[in-house]
Amino acid sequence: MGLLPIIVILCSVFFSHTVSGQLRQNYYANICPNVETIVGNVVKTKFQETFVTVPATLRLFFHDCFVQGCDASVIIASSGTNKAEKDHSDNLSLAGDGFDTVIKAKAAVDADPSCTNKVSCADILALATRDVIALSGGPSYAVELGRLDGFSSTAASVDGKLPQAEFSLNQLNSMFSAHGLSQEDMIALSAAHSVGFSHCNKFANRIYNFSRQNPVDPTLDKEYAVQLQSMCPKNVDPIIAIDMDPNTPRTFDNVYFQNLVQRKGLFTSDQVLFEDLRSRPTVNTWANNSAAFQTAFVTAMTKLGRVGVKTGTKGNIRFDCAAFN
Ligand code: HEM
């Protein structure tokens with residue numbers, strides 16, 4: 001083999017790790033070289049104030065990317081004439097600490113004279129998401145950057161775009177594959193439920209009046225069902241939220257999959273990953289192999305971060321993440 005083919009192969013291997021479409025890991029190298037440190041410091045401070053920073057930021061990123069792409073459209077506040085994404089019923093349970101993390105990180109970035117108005121809210125959210133995962137014990141990874149912020153955010157655009165807790169494997173697969181995410185990506189991303197909270201109404205159907213034959217969902221571990229009933233009595237205050245991972249609620253880890261094997265998945269959409277024989281082998285593998293799960297998770301997050309990305313004239317850099325310029 002001559003030198004040229006070898007150089008071509010080396011370049012393609014190198015670039016496949018750093019470039020996708022128009023996103024690049026070193027996008028801000030000459031624009032705002034300290035962006036990662038600045039965002040990282042804000043996220044760390046916020047994390048020390050409250051753990052909710054972790055699940056709140058991670059879920060915010062997911063809900064942003066699945067509606068109109070990763071363009072920070074979920075952060076826009078409703079205005080007189082426009083009901084924004086964040087006020088759709090599927091987004092009302094997004095915790096405020098995720099929004100707060102991005103707003104604070106944006107202020108810190110803009111306070112650096114070389115960075116003022118040069119870093120998008122969408123990229124700040126992608127970086128903050130990577131940081132919260134690492135802070136809670138998950139894998140760290142290089143984030144592709146160069147997204148612009150979107151020009152539109154409507155509650156109507158959220159309809160049918162986010163997965164529901166009662167979804168079957170087919171429904172999950174079809175929603176994720178619409179964004180170029182495979183079944184493996186979907187299973188890996190579902191492990192985000194290794195941290196954070198759920199309100200009781202999201203799974204009440206599994207513990208009360210499930211069906212005529214079974215008052216409780218038979219795919220739910222019996223002891224766990226009793227625990228859930230005691231934390232979420234029938235007329236529980238709707239404000240009450242419980243840990244989604246009953247074993248390691250503050251650690252981002254593969255215990256999520258071990259829970260599924262023990263039939264301790266909180267939502268139908270979690271437990272179905274073990275119950276359906278098409279996805280069970282992946283759940284079993286990752287329950288037993290944390291490193292393999294982490295690799296798959298990083299791949300899936302990177303793909304999630306590419307969904308519907310806006311560049312060129314399709315977006316801009318917002319001055320205020322919660323309002324259009
Ligand atoms: C696979 C389909 C999914 C379904 C059906 C689903 C559904 C839900 C539901 C119903 C909640 C509880 C909300 C509440 O009561 O406050 C929740 C919480 C959460 N979800 Fe998902 N989700 C899915 C995938 C994902 C993905 C892919 C991610 C991120 C990569 C994610 C991250 C989170 C986080 C971190 C929380 C906890 C939020 C908090 O504590 O504030 N979810 N999800």
* Quick check: is even one residue across the range 177-198 under 13 Å from LYS303 (Cα atoms), assigned to a helix (DSSP H, G or I) and hydroxyl-bearing (Ser, Thr, Tyr)? -> yes
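With at pLDDT 95 or above, over 15 Å from the mean Cα position of the chain (by Cα) and within 23 Å of GLY98 (Cα to Cα) as the only criterion, which of ALA155, ALA192, ALA204 stands out? Walk me through it before giving the result.
Numbers: ALA192 fails: over 15 Å from the mean Cα position of the chain (by Cα); ALA204 fails: within 23 Å of GLY98 (Cα to Cα).
Just one listed residue meets the conditions, ALA155.
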* To do: Inspect all residues belonging to the range 239-259 and state whether any of them is assigned to a helix (DSSP H, G or I), more than 11 Å from the ligand (Cβ to nearest atom), free of Cβ contacts under 8 Å to residues at least 24 places away in the same chain and over 26 Å from GLN294 (Cβ atoms).
  => no
* To do: Just need a number here: residues in the range 307-325 that are surrounded by fewer than 19 Cβ atoms within 10 Å (Cβ to Cβ) and within 16 Å of the ligand (Cβ to nearest atom).
  => 1
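Criterion first (more than 26 Å from the chain's Cα centre (by Cα) and surrounded by 12 or more Cβ atoms within 10 Å (Cβ to Cβ)) does ILE242 satisfy it? Steps first, please.
Numbers: more than 26 Å from the chain's Cα centre (by Cα): no; surrounded by 12 or more Cβ atoms within 10 Å (Cβ to Cβ): yes.
Against the criterion (more than 26 Å from the chain's Cα centre (by Cα) and surrounded by 12 or more Cβ atoms within 10 Å (Cβ to Cβ)), ILE242 does not qualify.
Would you say GLY40 is more than 20 Å from ASP320 (Cβ to Cβ) and either without any contact (Cβ under 8 Å) to a residue 60 or more places away in the chain or in a helix (DSSP H, G or I) (or both)?
Details: more than 20 Å from ASP320 (Cβ to Cβ): yes; either without any contact (Cβ under 8 Å) to a residue 60 or more places away in the chain or in a helix (DSSP H, G or I) (or both): yes.
So GLY40 passes the test.
Could you please find all residues in the range 109-147 being hydroxyl-bearing (Ser, Thr, Tyr), crowded, with 24+ Cβ neighbours inside 10 Å and either outside any loop (DSSP other than H, G, I, E, B) or touching a helix residue (DSSP H, G or I) at 6+ places or on another chain (Cβ under 7 Å) (or both)? Walk me through it before giving the result.
Filtering the range 109-147 for residues hydroxyl-bearing (Ser, Thr, Tyr) gives 114, 116, 120, 129, 136, 140-141.
Okay, now just the ones that are also crowded, with 24+ Cβ neighbours inside 10 Å, so 120, 129.
Of everything in the range 109-147, just one residue is hydroxyl-bearing (Ser, Thr, Tyr), crowded, with 24+ Cβ neighbours inside 10 Å and either outside any loop (DSSP other than H, G, I, E, B) or touching a helix residue (DSSP H, G or I) at 6+ places or on another chain (Cβ under 7 Å) (or both), namely THR129.
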* Subset of the range 260-294 (residues that are touching a Pro at 6+ places or on another chain (Cβ under 8 Å) and assigned to a helix (DSSP H, G or I)) -> SER269, GLN294
* **Within the range 21-42, considering residues that are hydrophobic (A, V, I, L, M, F, W, C) and within 20 Å of the chain's Cα centre (by Cα), the one nearest to SER114 (Cα to Cα)** => VAL39
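So in the range 54-86, with the set limited to residues that are part of a helix (DSSP H, G or I) and away from the ligand (no atom under 11 Å from the Cβ), which one is surrounded by the fewest Cβ atoms within 10 Å (Cβ to Cβ)?
Within the range 54-86, the first condition is being part of a helix (DSSP H, G or I), and the residues that meet it are 54-66, 73-75, 85-86.
Then keep just the ones that are away from the ligand (no atom under 11 Å from the Cβ); that gives 73-75, 85-86.
Values: SER73: 29, VAL74: 31, ILE75: 29, GLU85: 26, LYS86: 22.
My answer is LYS86.
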* Could you look through the range 184-226, keep only residues that are more than 8 Å from the ligand (Cβ to nearest atom) and of a type in the set (Lys, Arg), and pick out the one that is surrounded by the fewest Cβ atoms within 10 Å (Cβ to Cβ)? => ARG212
* Index of the failed condition, LEU92 passing every other in (1) within 30 Å of PHE274 (Cα to Cα); (2) under 14 Å from the mean Cα position of the chain (by Cα) -> (2)
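The values are calculated or read from the model by the stated rules, or taken from the named source; none is laboratory data. Note that this is a predicted model, so its numbers are computed, not measured. Counting neighbours? That spans all protein chains shown, and the Cβs are built from the backbone with ideal geometry, glycine included.
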